[in-house]
């Protein structure tokens, strides 16, 4: 190890130690409260996104620095309570209890305060100091709510700071209060909710019975309350730690108070009602809020579907109208020029090295990098829709439509995620309660055209179909979604005999989008794509190049050509030669590899760039068939692995592969012969 490398490692370890010694702040809150907006505002680019250990749920951690003052922040998963009914709830409460952060900031919505306070009722009962960030004060004002912050603070017994996180209003005051609490300059006297009177004696008896047996670090009073609530995780832990005869006594009390869950909830709701009566002036009866006025159209069973179709159409139109010229500029002015420059610079180098750099690396990775403008615009568009609160309306209006497949609107949410990437779409099916509905959603999720597929479509549709590229792209996306519906109907009928499930979901208030949050989302996803291009796609491009030059150096006699010609008969049904067939097959690892492979095979140094070479080589009928096959082809390796993980068996993953492979080959073959019939 070099001295320089040793110094860098030592500095990194020292930096990590310094970060661990910083005050640890946990941001907690229900979904759609603006928690992530506040987290992004404080941490900016000083954040790390990963997964919680052993979970597929996202973990975000960041550092806030200002004038020599630093904090370490954890953005806990959005959760409605701290009962172990979901992985998110378990993660949030276990982090607070086990990691013992120095402070918890509960982010609540001023416009939805009554609902927001239920989580506060649980957080305030924990030993960790609590500060309430009363966010969305501007939305509350628009909705007609008036909140007396001083009264609310007195009723809770903990600091309350009004915020408009989207405009950074109140953040300085929040940080000042946080500093005061951390420095013990502010004494907290939380006013806790109480269990209903007819169960208080039972609570005391359970506390006495479990005293001395509660596993660390759970507080005694909290553990007893969770037992009464029927919390499965705490019940299991205490059943293991208590002596059998003592556990039998506890269990007898719990059986005698089987309505204790309602007693605990009633106590919390009474606590919330007292606070609301004291601190909140509600809008006059009959006043129609802005959200209600918009939802008359956006959530209408018929108009809502039309609006959703127009919104999706607008997203595709903006993506291709703005992204295609930028993509073309990158291809001609950056990738092609860089390839020419590299070829000139390596003129005296061995021919194999020049070919590796120009054809293998630049030809493969360079072609994929041109996707960046389209991906960035696409991420921004969907980030905007999510941030303003439209996504829940999209799920709501799709509910009746989803019933065709025996699903409900909740299935639309993970499917919608598939427009970004099919991997989180499959993972997102965990929000679906019914196993049958969840499995059908898992199997049809890869039909949703992800950004990688759409980037391939944008690259080729723009080259082959010019001003009609948007229409062709929209038609291909519609074809994929039609196949999704058809597959869903068939799977539900064959596997679950048309079984249907109920649908319950929350409709958040509309609010002004936060540019910083959207920009950070675009940055993180774009950076992930660039990393992918610099690792997976780079490695695969080099592998394809090696196969294209070995054993004799000529493409037509290479291992790649031999393999391509072996599978070419199937490709011929769709109008493909061996090069397009191989490009389609290599997209299994990553969909972008289809263009990377073509970039390697055809090279990137030619005048006009790869797109012009492809236009000169193939007919529009072949291009349309290839795009159809790309939209319907088997999911990428990562998606397939997640299908196996979430469905619990390779059997279901193989069912998905067989279904999509059959539809891909038959659909693209039909498109090719129809297009040829029209003279394309």
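Values in this text are rule-based calculations from the coordinates and carry no lab data. Treat the numbers as computed from the prediction; the structure is a model and nothing was measured. As a convention, Cβ positions derive from the backbone with ideal geometry for all residues, glycine included, and neighbour counts pool all protein chains shown.
Worth pointing out:
- Taking the convex hull of the alpha carbon positions in the range 303-677 and averaging its projected area over all directions gives 19.0 nm².
- By the count of other C-beta atoms within 10 Å, a proxy for reagent exposure, 487, 109, 619, 668 are ordered fewest to most as 619, 487, 109, 668.
- Point-to-point label distance, residue 292-residue 99, nm (Cα→Cβ direction, 7 Å offset): 4.1
- Pairwise label distance in nanometres, residue 309 with residue 666, each label 7 Å out on the Cα-Cβ vector: 2.6
- Acute angle (nearest 10 degrees) that the helix 559-573 long axis makes with the longest principal axis of the chain, alpha-carbon atoms: 90
- Extended-chain gain in nm, criterion 0.36 nm per residue less alpha-carbon gap, residue 197 and residue 282: 27.7 nm
- Order of 218, 672 - criterion: other Cβ atoms within 10 Å of each residue's Cβ, fewest first: 218, 672
- Estimated FRET transfer efficiency (residue 69, residue 185; beta-carbon r; R0 25 Å; 0.05): 0.95
- The long axis of helix 435-444 is offset from the longest Cα principal axis of the chain by roughly 30 degrees.
- With neighbours defined as other Cβ atoms within 10 Å of a residue's Cβ, the residues 450, 421 order from fewest to most as 421, 450.
- For the chain, the longest principal axis of the Cα atoms and the long axis of helix 650-677 meet at an angle of about 40 degrees.
- When both bridge partners sit in the chain, DSSP labels roughly 45% of those beta bridges antiparallel.
- Which labelled figure in (i) 28.8, 90; (ii) 26.7, 102; (iii) 30.7, 100 is Rg and Dmax of the Cα atoms in Å, once derived from the coordinates: (i)
- One decimal place: the segment residue 435-residue 489 gains 17.8 nm when fully extended, by the rule 0.36 nm per residue minus the C-alpha distance.
- Förster radius 22 Å - calculated FRET efficiency between residue 262 and residue 86 (Cβ-Cβ, nearest 0.05): 0.60
- Contact order relative to length of the range 10-182, as percent, for alpha carbon pairs under 8 angstrom and 6 or more apart: 21
- The length gained by stretching the chain between residue 211 and residue 146 to full extension, at 0.36 nm per residue less their Cα-Cα distance, is 19.0 nm.
- Mean residue ellipticity (222 nm) of the chain, computed from DSSP H runs ≥ 4 via -39,500 (n - 2.57), nearest 500: -18500 deg cm²/dmol
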